[in-house]
Amino acid sequence: DTNDLVFYWSCASGTGAFNCRTLSNFGPGTWILQNGTGSSGPLLIVNGNQLLEGNYTFTLQLIRQSDQVVSSSTWTVDVTKTASISISISPSWYEGQPVSTQANTDSSPSSTAFLRTGQGCGDKEALWSWALVEADSPFNILTYLDSPSNASEISYSASDLLYDYLLPSQRYALALMEQTDQTPSSLEQADVFGLSFSRTVPFLADAPPAGGLLTCVPMQGVAATTEFFITSSGWYDEDMSNLSFAFYRFPLPSGVALASDGSGGVLVTGTFSPPDVEWKDTSSANHWMNLGGVCLGYSQLPLQLRLPAGQHMLAVVVQDSHGAVSSS
């Protein structure tokens, strides 16, 4: 029942350089209005020419009067300079959200832009391309990601080219750029040239897990009798608490054999090089099942198990919260 709900809107400037209380929605005589022109209804309409260029956070607090239950939701808005055309961009990430630098993860970045001409929004005919840009001034343009288009709705989904440019722990954004004979090196230079563009909120490049190793104690034993303890350690990731571990065994490659070294370890004969294993794409010839792999289990703690007779290669696959994987 919406009659039981009370709405409160608030706004904060990301830099503190702009006082959101100067918006007409929060004026002494308007804040109580519930039709979007105030800040006390389910809709908030901010008229043009009020917000300066910058980043803003809008928060809606919702109170149910019958039991005083409170809920809230937050939106981040990036106001950028544009020329004579209106561009609305909808990226798939929120401001500062980590995005994996590894392709083919569970969630790949994408963005859609809607261009409006006429009806006071300009009548500019132009070609447009998505560009990867640095997230901080002067917003250097690193590469263009697609071919120019004159459509009114232009979408982009992550390609291998994007991942080639992402460096871990760096912030980036996508920008829809007007294409002309001029070739600006940054968005600030594009603004000087009078070109239209719009930039998404930034995202943070997140690297896959790195640096880990796998150990098995003991390294030899009796089939179906000896208990082996398999563990993995030494990994680094931006979010260590959300790493998941999966353990596998594989048959040894042709031409490689193991022998006891007489002191509990093993000697390798032949030339061993780790195989190129695909851990996710089941259609790949190198998918782990196609290489004779067997999943032993999932655990962040040492895995305790018995192994069948034979000589085995063991592997661990570590996955982060964004779906990026590394192995050892």
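The values are calculated or read from the model by the stated rules, or taken from the named source; none is laboratory data. This is a predicted model, so every value here is computed, not measured. Counting neighbours? That spans all protein chains shown, and the Cβs are built from the backbone with ideal geometry, glycine included. Heads up: the accessible areas ignore ligands, DNA and RNA and are worked out on the full protein's heavy atoms, side chains in. Shrake-Rupley method; radii C 1.70, N 1.55, O 1.52, S 1.80 Å.
What percentages, rounded to whole numbers, describe P(r) for region 147-202 computed over all alpha carbon pairs with 5 Å bin width beginning at zero? P(r) for region 147-202, in whole percents per bin: 4, 14, 24, 24, 23, 10, 2. Protein heavy-atom surface of the chain, 1.4 angstrom probe: 51% of the accessible area is carbon and sulfur, with nucleic acids and ligands not counted.
Solvent-accessible area per residue in the chain equals 54 Å², computed with a 1.4 angstrom probe and all protein chains kept.
Calculated translational diffusion coefficient of region 168-255 (4 °C, 1.567 mPa s; Stokes-Einstein with Kirkwood radius over alpha-carbon pairs) equals 70 µm²/s. Rounded if a/c is under 1.5, else prolate if a/b beats b/c, else oblate: with a ≥ b ≥ c from the C-alpha gyration tensor eigenvalues square-rooted, which is region 1-40? It comes out oblate by the Cα gyration axes. Calculated on C-alpha atoms, the gyration radius of region 1-101 divided by its Kirkwood radius gives an Rg/Rh of 1.02.
Our coupling estimate for region 302-309, obtained by passing each phi through the Karplus curve with A = 6.51, B = -1.76, C = 1.60 and θ = phi - 60°, is x, 8, 10, 7, 9, 10, x, 5 Hz, Gly and Pro reported as x.
Does region 211-287 classify as rounded, prolate or oblate by the C-alpha gyration tensor (a ≥ b ≥ c root eigenvalues; a/c under 1.5 gives rounded; else a/b over b/c gives prolate, otherwise oblate)? Oblate, since a/c reaches 1.5 and b/c is not below a/b.
A protection proxy built from the mean count of other Cβ atoms within 10 Å ranks the segments 43-49, 186-192, most packed first, as 186-192, 43-49.
Assuming a ≥ b ≥ c are the square roots of the Cα gyration tensor eigenvalues, decide whether region 243-302 counts as rounded (a/c under 1.5), prolate (otherwise, with a/b larger than b/c) or oblate. Provide the component values of the computation, followed by the final result.
Details: a/c = 3.02, a/b = 1.36, b/c = 2.22.
Oblate is the answer for region 243-302, as a/c is 1.5 or above yet b/c matches or exceeds a/b.
Of the chain, which part is the longest with no chymotrypsin sites (Phe, Trp or Tyr not before Pro) in a loop (DSSP not H, G, I, E, B) and with at most 15 other C-beta atoms within 10 angstrom? Longest run free of exposed loop sites: 95-192. Eigen-decomposition of the gyration tensor built on the alpha-carbon atoms of region 195-328 gives equivalent ellipsoid semi-axes of 35, 18, 13 angstrom, largest listed first. Using 20 Å bins from zero, what percent of all Cα-Cα pairs in the chain falls into each bin? Calculated over all Cα pairs of the chain, the distribution is 24, 40, 26, 10, 0 percent.
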